[in-house]
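Trainee: Quick one: this structure, given as structure tokens, is what I'll be asking you about.
The values are calculated or read from the model by the stated rules, or taken from the named source; none is laboratory data. Everything numeric in this text was worked out from a predicted model, so none of it was measured. In this analysis, Cβ positions are derived from the backbone assuming ideal geometry, glycine residues included, and neighbour counts consider all displayed protein chains. Side chains included, ligands, DNA and RNA excluded: accessible areas come from the protein's heavy atoms. Shrake-Rupley method; radii C 1.70, N 1.55, O 1.52, S 1.80 Å.
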Amino acid sequence: MTEEPPQQTNSPKSVHRISMFTATCVLVSNVVGTGVFTTTGFMARDIGDPWLILLVWGAGALLALTGAMCYSELGAAFPFVGGDYVYLREAYHPFFAFLSGWASFTVGFGAAIAAGAMGFASYVVQLIPYEPASTFLIKGFALGLIWSLTAVHVAGVGPGGLLQQLFTVLKVGAILLLIVGAFTVGHGDWEHLVVPPRKPDVGLGTLVVSFIFVTYAYSGWNAAGYIAGEILNPTRSIPRTMIGGTLLVGTVYVVLNVVYFYALPIQALAAPPLMPVAEKVAVGMFGQAAAEFVTIMLCISIAGAVSAMIWTGPRVYYAMARDGFLPAFFSDTEHHHGTPVRSIVLQSLWVTVLVLLGTFEQLVIYSGMVITAFTALTVGAVIILRQRRPQLVRPYRVPFYPVLPVGYILVAGVIMLFLSVEKPVETLWACLTLSAGIPLYFLMRKHNGVSGAR
């Protein structure tokens, strides 16, 4: 007997108003921030081989695509807002779902938005002539971005969707312009890829570190799951959005890195400063005037990523509030055109605190481990649900089951093991952050009389 598909029980009243194109824009904007524009310089220094670096970027794309396929099965089976929170609740226990939501609030979205907004502000001040980059000015621009985007998303998914489309079109358009310009009028040399440079001895640890940085650059490919309950025809659109969007990002990332190596030899990319890779490449191909274009492109890219997180994050807290694990106040959408306004404002208030206190940098350092852990746990939900609920309607099934989910979990396990050995302090802080949410779980469960069983 086939299990009936789950009913829409935790989605805002604005269900099914987001097109697949808009959802894809959210995913692409959420992924493409600054990582692809800054990471390759460190890899050039540590690895020293263009082809090996391209292989690492390709491997990162395959891992993200594997995760996207696994999440597509879950998203199509449970087309509700909330993403990981919903999948963990259905497969394991509300306790693990709550900790995932707690991690999303504190570091997954909170710290990431704060870091992104500060990064945006640091690039904006570079565009202001004769203006010293004071901390006060940077924080002012950061808060201005946060609350401007908050106002747009509070206005509803209509204005928010249009803004996200605009950001994504401008972002992808600027990257494509850089790529096309590089191969048509840019000054480059394919010999940079052909001639084997002198490279350092590359150990397994070095490759793992580089791969971890690459996986961070791909993070956010699961963004469509957070707004699944608001997407038109979600059982069909979610797999297409997650898989298609991830493929698009992976292709752009690899081609963009080819541009880097076409433009400059590996030794130039590995020379200090390491971080402004895209800027060095643009200046090398088009001259000094191109540096400002790259700065503007980075501002658009970061603003788009911040906007996507301000949109998607509050859907997790909305779902938690509907389940009784946050005050019901944050689940009200009746008076706000179906938009979880209070959850959006809650998140932005927390981000504001992080920006003003300047404590988000420490959170970002170890947030990668927390995100990796819960992502692996969520991918494991595919296996758990296949065993426990075999009759569940699955409009999409991950191919090559169980090879892909098991492979993803193994790779994530290696990453977490490596980080725990190399970064024990950050690992401890990650555990403490999660532990801080445990009392809140039991407090809300007792206060609202929520059952711990699922």
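Trainee: Over the Cα atoms of the range 301-415, what Rg and Dmax result, in angstrom?
Mentor: 18.0, 50
Trainee: Go through 106-119, 288-301 and give me the packing order, highest mean Cβ count within 10 Å leading.
Mentor: Highest mean packing first, the order is 106-119, 288-301.
Trainee: Right, another one. Taking the Cα centre of the chain as the origin and placing charges on Cβ (Lys, Arg +1; Asp, Glu -1), which of Phe78, Tyr253, Val107 is farthest toward the positive end of the dipole?
Mentor: It is Phe78, whose Cα lies furthest towards the positive end.
Trainee: Report the label-to-label distance for Ser148 and Leu248 in nanometres (one decimal), using points 7 Å from each Cα along the Cα→Cβ vector.
Mentor: Taking the two extended label points, one gets 2.4 nm.
Trainee: Considering just Cα atoms, how many Å³ per residue does the convex hull of the range 214-330 enclose?
Mentor: It is 143 Å³ per residue.
Trainee: Still on this structure: Ranked by accessible surface with a 1.4 Å probe, highest first, in what order do Phe21, Phe95 come?
Mentor: Sorted by accessible area, descending: Phe21, Phe95.
Trainee: Once every DSSP H run of n ≥ 4 in the chain is given -39500 (n - 2.57) and the sum is divided by its residues, what mean residue ellipticity at 222 nm do you get, rounded to the nearest 500 deg cm²/dmol?
Mentor: Here the helix-only value at 222 nm equals -24000 deg cm²/dmol.
Trainee: If I take R0 = 56 Å and measure r between the Cβ atoms of Ser19 and Ala436 in this structure, what FRET efficiency does the formula 1/(1 + (r/R0)^6) give, to the nearest 0.05?
Mentor: The value I calculate is 0.90.
Trainee: Restricting attention to the alpha-carbon atoms of the range 132-261, what are Rg (one decimal) and Dmax (integer), both in Å?
Mentor: My reading of the Cα-based Rg and Dmax gives 19.8, 55 Å.
Trainee: So how tilted is helix 50-77 from the main axis of the chain? Cα-based, degrees 0 to 90, rounded to 10.
Mentor: With rounding to tens, the tilt is 20 degrees.
Trainee: Tell me the carbon and sulfur percent of the accessible area for the chain, rounded to whole percent, probe radius 1.4 Å.
Mentor: 69 percent
Trainee: Express the accessible area of the chain per residue in Å², computed with a 1.4 Å probe while the remaining protein chains stay in the model.
Mentor: 41 Å²
Trainee: Tell me, what is the percent relative contact order of the range 58-123, built from C-alpha pairs under 8 Å that lie six or more residues apart?
Mentor: Normalised by residue count, the contact order of the range 58-123 is 15 percent.
Trainee: Show me 314-322, 220-228 ranked by packing, highest mean number of other Cβ atoms within 10 Å first.
Mentor: 220-228, 314-322
Trainee: Consider the candidate values (1) 72, 52, 44; (2) 64, 49, 42; (3) 114, 58, 41; state which one is Cα extents along the principal axes in Å computed from the structure displayed.
Mentor: Checking each listed value against the structure points to (2).
Trainee: Any idea of Ser19's accessible area? Nearest 10 Å², probe 1.4 Å.
Mentor: Rounded to the nearest 10, that gives 40 Å².
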